[in-house]
Amino acid sequence: IGEHRGGFAAFVFDVTPNLVVGADNVIAVKVSNAGVSDVPPLSADFTFFGGVYRDVHLLITDPLNISPLDFGSPGVYWETTNVSAGSADLRIVTVVSNADIVSHTAVVRSVVVDAATNVVAALTNIVALAAGAVSNITANAAIANPHLWDGLADPYLYRIFVELGDGTNVTDLVDQPLGFRWFSFDPNSGFFLNGRAYDLHGVNLHQDWLNRGWAIGDAERRTNFMFIKELGATGVRLSHYEHNDYTYQLADESGVVLWTEVPLVNGVTTSTAFNNNAEQQMVELIRQRRNHPSVICWGVFNEESSPSADTVVSQLVQVVHREDPTRPATAASNKSISTAINWMPDITGFNEYFGWYGGSTADIAPFLDNLHATYPARCVGISEYGAGASVWQHSEEPLTAPPPYGTPHPEEWQNKFHEDYWQALKQRPFLWCKFIWNLCDFAVDSRNEGDTPGRNDKGLVTYDRRIRKDAFYWYKANWTTNPMVYITGHTFTNRLTNSLTAKVYANCDSVELLLDGISQGTRTSTNHIFTWPIVLAAGSNFVQAIGSVGATQVNDSLAWFAPLTVAIANPST
């Protein structure tokens, strides 16, 4: 019937001409995970799982239908322009197909409803379609006083129902989410949502899961967003490929802003076939996901630098501008800031790991200041930053940076890395995004580091989603306002020394620490980090932190076991 080349986008084939009416028909789907030179990604720092890992459907439509054949899209597209609190212009395009052998008069009725299902607009188009014809039907409306989709504060959604009929019967119906919002990027002030500065901070997200690979379901996707919302993230970068549609739905409903991208990663093949497939994947991504108000940009590459990539990147930027002029093209670079390919997209992110892959965490601040000073007219952000951490490997002070490809990966180094980075990033409002690498640990078949071969452990949450690492709570203290307090070292049960520094992350006015019920003092902090020098008794110690915000108190507690003192009667034996 046909072949789809690419491992992430939805695709549809029409099997109607090949069916034998009145007989059994076998439809076979054969997939291959073998590497091919003309389909990106060619290589990447994540495992390429194989198989049919997303849902498969048999679609049966009337000959007069809203076409599912337009690059696997819903066949209905919306675009909002001139959006404000007072009004918005809405354009709805419906791809109508007449697969019949006779002509039809198609009646396209587009109905916009608010969250309470009140009809906001109803538009009707009547079009004559010849046999075998496909036509894009456009309807326009002016919406007064739209309720804005306003990020985490108010992710308000309308819906569009497009009903297709032949004047007598309804032959098809498609509904899509709709959000009215406007956004912009400023080289000095970062990202703006609905006219106000909106700090875009959050995580990168891979789609794999321990013991499931890429074959996850909606329950797992909801779990990911539970972590994202608990963390207080305002944005997510969907790395490094198109994700399942339900992920985008969850972002719409949660008010989480999305960067989504195609899998043009690391290398390219210099060929027309490769470029054409990359363009196909970009068109698929945009047409399949453009109706999600959470999406604010289209990513054209990750960590490309070869001069041979210039042609395909330039081509993809043009595709973005042609397919969706309402959103910019972006990319993530890990190369020198002067590399020409960095500046082909409209806005740019940089993947920076000072203090992990060499250098010091102190290097990030001067890097950012130099970047902004060198390219003052360009919108720049941090698309990746992070450090590995095993919840089973720990280190007391003083900390030293572990080699990234060796062992161990003490969790305390990840804590220090993120403390240093976030305090530098939050002071630089010119950054349009700040995305941690990564929400969860994920599979990288080529790696052997930390506590598990084949895994990147830079996640804030473990691969099985069972343990939130300390750094998760560091960001929760910085990004959320509901009172919280957390003692670092929940997985560092057996301490290596009796004298140590207890550290607490909290968003409270003050925190008191108790050791076996005895107060160690109350602290205040300007950076959400509270510390106490303490001496543990040999054996078990009960540690409790009580945070106060006005009259509200929150607490956290744990048990630490300190080394026992053993007397040796005769050291010589």
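The values are calculated or read from the model by the stated rules, or taken from the named source; none is laboratory data. Please read all numbers here as calculations on a predicted model, not as lab measurements. As a convention, Cβ positions derive from the backbone with ideal geometry for all residues, glycine included, and neighbour counts pool all protein chains shown. Quick note on the areas: whole protein, heavy atoms, side chains included, nothing else; ligands and nucleic acids left out. Shrake-Rupley method; radii C 1.70, N 1.55, O 1.52, S 1.80 Å.
Residues to consider are 554, 485; find the one that is of a type outside the set (Gly, Ala, Ser), more than 27 Å from residue 393 (Cα to Cα) and under 31 Å from the mean Cα position of the chain (by Cα). Let's see the steps before the verdict.
Working: 485 fails: more than 27 Å from residue 393 (Cα to Cα).
When all the criteria are applied, what remains is 554.
Within the range 425-440, can you find the residues that are open to solvent by less than 10 Å² (accessible area, probe 1.4 Å) and of a type outside the set (Phe, Trp, Tyr)? Give the steps one after another, and end with the answer.
We begin by selecting, within the range 425-440, every residue open to solvent by less than 10 Å² (accessible area, probe 1.4 Å); these are 425, 431-436, 438-440.
Passing the criteria: 425, 431, 433, 434, 436, 438, 439, 440.
At pLDDT 95 or above and either under 30 Å from residue 463 (Cα atoms) or surrounded by fewer than 21 Cβ atoms within 10 Å (Cβ to Cβ) (or both): which single residue out of 190, 165, 179 fits that description? Don't jump to the end; show me each part of the working.
Details: 190 fails: either under 30 Å from residue 463 (Cα atoms) or surrounded by fewer than 21 Cβ atoms within 10 Å (Cβ to Cβ) (or both); 179 fails: either under 30 Å from residue 463 (Cα atoms) or surrounded by fewer than 21 Cβ atoms within 10 Å (Cβ to Cβ) (or both).
One residue alone meets the criteria, 165.
Could you tell me which numbered condition residue 160 fails, if it satisfies all but one of (1) buried (at least 16 other Cβ atoms within 10 Å of the Cβ); (2) modelled with pLDDT under 95?
Every listed condition holds for residue 160 apart from (2).
Picking from 73, 37, 43, which residue would you name as being assigned to a loop (DSSP other than H, G, I, E, B), surrounded by 17 or more Cβ atoms within 10 Å (Cβ to Cβ) and touching a residue at least 12 places away in the same chain (Cβ under 8 Å)? Write out each step before concluding.
Numbers: 37 fails: surrounded by 17 or more Cβ atoms within 10 Å (Cβ to Cβ); 43 fails: surrounded by 17 or more Cβ atoms within 10 Å (Cβ to Cβ).
Among 73, 37, 43, only 73 is assigned to a loop (DSSP other than H, G, I, E, B), surrounded by 17 or more Cβ atoms within 10 Å (Cβ to Cβ) and touching a residue at least 12 places away in the same chain (Cβ under 8 Å).
Give the residue that is farthest from residue 425 (Cα to Cα), with candidates limited to residues of the range 467-505 that are among the hydrophobic types (A, V, I, L, M, F, W, C) and open to solvent by 20 Å² or more (accessible area, probe 1.4 Å). Break it down stepwise before answering.
Keep residues of the range 467-505 that are among the hydrophobic types (A, V, I, L, M, F, W, C), which gives 467, 471-472, 474, 477, 479, 484-485, 487, 492, 496, 500, 502, 504.
If we keep only those that are open to solvent by 20 Å² or more (accessible area, probe 1.4 Å) as well, we get 467, 479, 496.
Details: 467: 26, 479: 13, 496: 33 Å.
The residue in question is 496.
How do the pairs read when you match residues in the range 346-367 that are more than 28 Å from residue 327 (Cα to Cα) with residues anywhere that are small (Gly, Ala, Ser) and open to solvent by less than 20 Å² (accessible area, probe 1.4 Å), using Cβ under 6 Å and keeping only pairs 6 or more apart or on different chains?
356/387; 361/355; 364/424; 365/424
Checking residue 383 against (1) touching a strand residue (DSSP E or B) at 6+ places or on another chain (Cβ under 7 Å); (2) more than 15 Å from residue 303 (Cα to Cα); (3) crowded, with 22+ Cβ neighbours inside 10 Å; (4) not charged (D, E, K, R), which single condition isn't satisfied?
Single failed check for residue 383: (2).
Go through the range 15-69 and give me each residue that's among the hydroxyl-bearing types (Ser, Thr, Tyr) and under 30 Å from the mean Cα position of the chain (by Cα). Give the derivation first.
Taking the range 15-69 as the starting set, the residues that turn out to be among the hydroxyl-bearing types (Ser, Thr, Tyr) are 16, 32, 37, 43, 47, 53, 61, 67.
The answer is 32, 37, 43, 47, 53, 67.
Name, by its number, the condition in (1) closer than 14 Å to residue 394 by Cα; (2) in a loop (DSSP other than H, G, I, E, B) that does not hold for residue 500.
Going through the list (1) closer than 14 Å to residue 394 by Cα; (2) in a loop (DSSP other than H, G, I, E, B), residue 500 breaks only (2).
Hey, could you check the range 318-337 for residues that are of a type in the set (Ser, Thr, Tyr) and part of a strand (DSSP E or B) and say which is surrounded by the fewest Cβ atoms within 10 Å (Cβ to Cβ)?
333
Looking at (1) outside any helix (DSSP H, G or I); (2) touching a Leu at 6+ places or on another chain (Cβ under 7 Å), can you tell me which one residue 394 breaks?
(2)
Looking at the structure I just gave you, is residue 511 under 25 Å from residue 415 (Cβ atoms), open to solvent by less than 30 Å² (accessible area, probe 1.4 Å), β-branched (Val, Ile, Thr) and at pLDDT 95 or above? Don't jump to the end; show me each part of the working.
Numbers: under 25 Å from residue 415 (Cβ atoms): yes; open to solvent by less than 30 Å² (accessible area, probe 1.4 Å): yes; β-branched (Val, Ile, Thr): yes; at pLDDT 95 or above: yes.
Yes.
Among the numbered conditions (1) of a type in the set (A, V, I, L, M, F, W, C); (2) open to solvent by less than 10 Å² (accessible area, probe 1.4 Å); (3) under 21 Å from residue 372 (Cβ atoms), tell me where residue 340 comes up short.
Result: residue 340 fails condition (2) only.
List the pairs whose first member sits in the range 539-553 and is hydrophobic (A, V, I, L, M, F, W, C), whose second member is assigned to a strand (DSSP E or B) and open to solvent by 30 Å² or more (accessible area, probe 1.4 Å), and whose Cβ atoms are under 7 Å apart, counting only residues at least 6 apart or on separate chains?
Every condition considered, the pairs that remain are 542/557; 542/559; 543/557; 545/555; 546/512; 546/553; 546/555.
For the range 397-476, give me every one of the strands (runs of 3 or more DSSP E) that falls completely inside it and has 3 or more residues that are among the charged types (D, E, K, R) and within 29 Å of residue 366 (Cβ to Cβ). Quick ask: steps written out before the conclusion?
Working: elements: 431-436, 442-449, 452-456.
Per the criteria, no element qualifies.
Here is a list: 125, 136. Which entry is part of a strand (DSSP E or B), open to solvent by 60 Å² or more (accessible area, probe 1.4 Å) and at pLDDT 95 or above? Give the derivation first.
Details: 125 fails: open to solvent by 60 Å² or more (accessible area, probe 1.4 Å).
The match here is 136.
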